[in-house]
Amino acid sequence: MNPISFKDLKLFKTKETLTNRSKKNSSKTKEETETIATRKLIHNPFLYLFIFVIVLAYFLAYVPSRTIPVLKIGEIATSDIIAPSEITITDTERTETRRNKAAEAVPPV
C-alpha cells in the first residue's frame, strides 16, 4: 500500500509546464511581471475569501441582531429587553452622600 503524498496533489492545475513557464518569465519586463502579479492576485480565491470574511465580521459585530421594540410609558414589556450596548451613568450626588454616610458610620480610632 502506497502512502498518500501531498507532492503529487495539484489543487490548481496549470496549462503550462514548469520549463515553459521559466523560459517565458526570463524575457518579460518589469511592467509585464507587475501586470501578471495583479492578475494573479485578482484571480486568487483567497482574496475573495478574505474580503467575504471581513464583510461578514463587520455585519456580525456592528449590526444589531434584532431591533428593540418601541414601548409606551406605562406599558408592560412582552419580552426581556436587552440593550445593544453597555453604558454606565454615575450619579455624583448620591455617590457623595453615600460616601459621607459610610465615613460617618466608621468609629473614630
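The values are calculated or read from the model by the stated rules, or taken from the named source; none is laboratory data. What you see is a predicted model; the values in this text were computed from it and never measured. Please note: Cβ atoms are built from the backbone with ideal geometry, for glycine as well, and neighbour counts cover all protein chains shown.
Give the number of residues within region 14-33 that are in a helix (DSSP H, G or I) and either modelled with pLDDT under 65 or within 30 Å of the chain's Cα centre (by Cα) (or both). Summing the residues that are in a helix (DSSP H, G or I) and either modelled with pLDDT under 65 or within 30 Å of the chain's Cα centre (by Cα) (or both) in region 14-33 gives 9. Looking for something modelled with pLDDT of 85 or more, surrounded by 10 or more Cβ atoms within 10 Å (Cβ to Cβ) and of a type outside the set (Val, Ile, Thr) - is there at least one such residue anywhere in region 74-85? The answer is no; no qualifying residue exists.
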